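Structure record follows, encoded as structure tokens.
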Amino acid sequence: MSAEPAARPRKITHREAARLLAERDPVIARLVAEGGLPSFPKPTETPFEAIVRAITYQQLAGGAARAIHGRLIGALDGEVTAARLAVLPDEALRAAGMSRNKAASLRELAAKVLDGTVKIEPRQLARESDEDVAARLTSVRGIGKWTAEMFLMFQLRRLDIWPTGDLAVRRGYGLAWAIPTPAARELDALGEVYHPYRSVAAWYCWRAAEIYGSAAVALPV
């Protein structure tokens, strides 16, 4: 008689992960009490739409970014797909307000999605490790490590992403744990104790920067 396959372990939610971390760490417990449970809303965009938006928004103020992004969606007739973007004329990208570098990034993204270098289908992404997703994304011109990490955290809702290059995360960690703002390498080591729920720990670092800092810090959602 063949053995029955083992049941796949249930994936815990971000809120459940927060409660587990709070049991381990009194600072997280305090942040849960003061800042509430974490919010990682289910994405309303497709993965491709999210990446296009991330490229569009880079190095722009919110209002300008929203306007350019809106014009781009209009130029695509609301069909934000690799196939549609690949054939969009250069004139349309310029008219939307895209810089030459961002237009090149979008062209390369569309090409790499179409040739399979960058995988965007949910089933494909579900089989990819965090490292593989990040490596594929950062192979596209204009997509850096931080953008890949935000995609993993908020679009794919991966639980164990630790964006040590994010200044607000580093600042929030320093404020919450009452230490000088750690460098990225220092924070990388400090985050090991929160594995495999470092995305939640990062969310609380953002909240700490907002709660204890002198200025509000917008969560990157």
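What are the residues in segment 139-180 that are open to solvent by 60 Å² or more (accessible area, probe 1.4 Å) and either farther than 22 Å from Glu34 by Cα or under 13 Å from the mean Cα position of the chain (by Cα) (or both), if any? Quick ask: steps written out before the conclusion?
Pass one, segment 139-180, residues open to solvent by 60 Å² or more (accessible area, probe 1.4 Å): 141, 145-146, 157, 167, 171, 175, 178-180.
Matches in segment 139-180: Arg141, Lys145, Trp146, Arg157.
Counting just the residues of segment 69-87 that are part of a helix (DSSP H, G or I) and crowded, with 18+ Cβ neighbours inside 10 Å, which one comes out nearest to the chain's Cα centre (by Cα)? Walk me through how you get there before you give the answer.
Of segment 69-87, the ones part of a helix (DSSP H, G or I) are 69-75, 82-86.
Next, only the ones that are crowded, with 18+ Cβ neighbours inside 10 Å stay: 69, 72, 75, 82, 85.
Details: His69: 18, Leu72: 21, Ala75: 26, Ala82: 20, Leu85: 22 Å.
That would be His69.
When only residues in segment 88-101 that are outside any loop (DSSP other than H, G, I, E, B), open to solvent by 30 Å² or more (accessible area, probe 1.4 Å) and not small (Gly, Ala, Ser) count, which is nearest to Arg141 (Cα to Cα)?
If we filter segment 88-101 for residues that are outside any loop (DSSP other than H, G, I, E, B), which is where we start, we get 90-96, 100-101.
Next, only the ones that are open to solvent by 30 Å² or more (accessible area, probe 1.4 Å) stay: 90-91, 94-95, 100-101.
Going one step further and asking which of them are not small (Gly, Ala, Ser), we end up with 90-91, 94, 100-101.
Working: Asp90: 17, Glu91: 20, Arg94: 18, Arg100: 12, Asn101: 9 Å.
Here the answer is Asn101.
Consider Thr117 carefully, then state whether it is of a type in the set (S, T, N, Q), closer than 28 Å to Ala202 by Cα and either assigned to a helix (DSSP H, G or I) or without any contact (Cβ under 8 Å) to a residue 40 or more places away in the chain (or both).
Values: of a type in the set (S, T, N, Q): yes; closer than 28 Å to Ala202 by Cα: no; either assigned to a helix (DSSP H, G or I) or without any contact (Cβ under 8 Å) to a residue 40 or more places away in the chain (or both): yes.
Taking the combined requirement at face value, the residue does not satisfy it.
For residues that are under 15 Å from Glu149 (Cα atoms) and outside any helix (DSSP H, G or I), scanning just segment 121-138, find the one that is least open to solvent (accessible area, probe 1.4 Å). Walk me through how you get there before you give the answer.
Initial filter on segment 121-138 (under 15 Å from Glu149 (Cα atoms)): 125, 128-138.
Still in the list and also outside any helix (DSSP H, G or I): 128-129, 138.
Details: Glu128: 29, Ser129: 45, Thr138: 60 Å².
Here the residue is Glu128.
Can you tell which of Arg198, Arg171, Arg157, Arg141 is among the charged types (D, E, K, R) and modelled with pLDDT under 95? Lay out the reasoning, then the answer.
Numbers: Arg198 fails: modelled with pLDDT under 95; Arg171 fails: modelled with pLDDT under 95; Arg157 fails: modelled with pLDDT under 95.
None of the other options fit; the residue is Arg141.
If a residue must be under 16 Å from His14 (Cβ atoms), touching a Phe, Trp or Tyr at 6+ places or on another chain (Cβ under 9 Å), part of a helix (DSSP H, G or I) and of a type in the set (A, V, I, L, M), how many such residues does segment 139-168 contain?
Here the count works out to 1.
The values are calculated or read from the model by the stated rules, or taken from the named source; none is laboratory data. Bear in mind the structure is a predicted one, so any value in this text is a computation, not a measurement. Note that we place each Cβ from the backbone using ideal geometry, even for glycine, and neighbour counts take in every protein chain shown. Ligands, DNA and RNA are stripped out before the accessible areas are found, and what is left, the full protein with its side chains, is counted by its heavy atoms. Shrake-Rupley method; radii C 1.70, N 1.55, O 1.52, S 1.80 Å.
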